[in-house]
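The values are calculated or read from the model by the stated rules, or taken from the named source; none is laboratory data. The model shown is predicted, which means the values in this text are computed figures rather than measured ones. Cβ placement follows ideal geometry from the backbone for every residue including glycine, while neighbour counts extend to all protein chains displayed. What goes into the accessible areas is simple: the full protein's heavy atoms, side chains included, and nothing from ligands, DNA or RNA. Shrake-Rupley method; radii C 1.70, N 1.55, O 1.52, S 1.80 Å.
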Amino acid sequence: MRMSWEPLRRELDRWQAAGRVARFWLRDDDAVEPTPDLERLLALSGENAIPLTLAVIPGLTGEALAARLAEEAAVTVAVHGWCHTNHAGPERKKQELGGERPSEVVLGELRQGLQLLKRLHPARFLPVLVPPWNRIDAGLIPALPELAFAALSVYGRAKLGGPIPFLNTHVDIIDWHGTRGGRSEEELVAELVAELGDRFAGNEEPIGLLTHHLVHDEVAWDFLSALFAATALHPAVRWLPAAALLKA
């Protein structure tokens, strides 16, 4: 293991010494169709027995992805909005599920997306909403259970209570405001150690890793490979499928 991974190794050893196990899960956004990058992600996660949740864009996907994922038993499919279109004004952060349009229109798209992905991926589908850009108008959230969503997945510390459970991500490996490729190994390791420390202190959320296979450069792929190698077989880590976390 490279020296940059030493802080993570020490933190996981602390967990092991305490007889504790940290729960991780993997969410990858923007899947639409089979691509070489998707094949690379499926191979990498499969080789390391890492369950994968793909946030699929309903309005842009179809039978090709469904056929490719049909035999991928460790993959689940979540609903990534409708067509990943920004409806926010030019001075606002990008958002598809915002208040710019009537709520019945937005909720109608989400209902359609859920039904479409459930039909395309009957054995892989998970009724989890992943809002594009991890943003959703708060006024829409109470209606999600009525659409048969079981959970909402955004970014950051989950909100407790409310009309629907959260299954969030916490570490994003992409440098969206800089290179738009992989972030530095040292920075990501530090974030993982901080998240583990937070869980050790009592936060019971699973730690969610967020990836975007379509924009990964070699820095991002190398980080994923090293992370999986460091954690997949470590006794203090358990990578879990999203479905199992919803039942926990």
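Observations on the structure shown:
- Here the simple spin-label model places points 7 Å from the Cα toward Cβ, and for residue 40 and residue 18 these points are separated by 3.6 nm.
- Point-charge dipole on Cβ atoms (K/R +1, D/E -1) for the chain, about Cα centre, debye to 20: 720
- Here the chain was treated as a single set of alpha-carbon atoms; its pair distances binned every 10 Å from 0 give 7, 32, 36, 21, 4, 0 percent.
- Under the simplified labelling scheme, the residue 233-residue 4 pair shows an inter-label distance of 2.3 nm, with each label point 7 Å from Cα along Cα→Cβ.
- Rounded to the nearest whole angstrom, the semi-axes of the ellipsoid equivalent to segment 45-122, taken from the Cα gyration tensor as √(5λ), stand at 28, 15, 9, largest first.
- Student exercise, segment 138-227 dipole from Lys, Arg, Asp, Glu Cβ charges, in Debye to nearest 20: 420
- 3J(HN,Hα) couplings calculated from phi for segment 27-40 with the Karplus curve 6.51 cos²θ - 1.76 cosθ + 1.60 (θ = phi - 60°) are, in sequence order, 10, 10, 9, 6, 5, 9, 8, x, 9, x, 5, 5, 4, 5 Hz; Gly and Pro show x.
- The Cβ shell under 10 Å around residue 153 holds other residues with a net charge of 0, Lys and Arg each +1, Asp and Glu each -1.
- Based on alpha carbons, the Rg and Dmax found for segment 107-227 are 16.3, 43 Å.
- Each of residue 67 and residue 119 was given a label point 7 Å from its Cα along the Cα-to-Cβ line. The distance between the two points is 1.8 nm.
- Residue 2 sits among other residues whose Cβ lies under 11 Å from its own Cβ, and their net charge, with Lys and Arg +1 and Asp and Glu -1, is -3.
- Listed peptides 77-85, 116-124 by packing density, highest first (mean Cβ within 10 Å): 77-85, 116-124
- Sulfur and carbon atoms: percent of accessible area, segment 47-179 [1.4 Å]: 53
- Within the chain, antiparallel bridges make up roughly 5 percent of the DSSP beta bridges whose residues both belong there.
- Of 56, 75, 21, the residue with the greatest mean-square motion in the GNM of the chain, using alpha carbon springs below 10 Å, is 21.
- Net charge of Cβ neighbours under 11 Å - reference residue 95; Lys, Arg +1; Asp, Glu -1: +2
- Computed with a 1.4 Å probe over protein heavy atoms only, the accessible surface of the chain comes to 46 Å² per residue.
- Dipole magnitude of segment 182-230 about its Cα centre (Cβ charges: Lys, Arg +1; Asp, Glu -1), debye to nearest 20: 120
- Computed per residue of the chain from DSSP H runs no shorter than four, each worth -39500 (n - 2.57), the mean residue ellipticity at 222 nm is -10500 deg cm²/dmol.
- Full-stretch length increase - residue 190, residue 103 - with 0.36 nm per residue and alpha-carbon distance subtracted: 27.3 nm
- What the Cα convex hull of segment 15-57 gives, in volume per residue, is 74 Å³.
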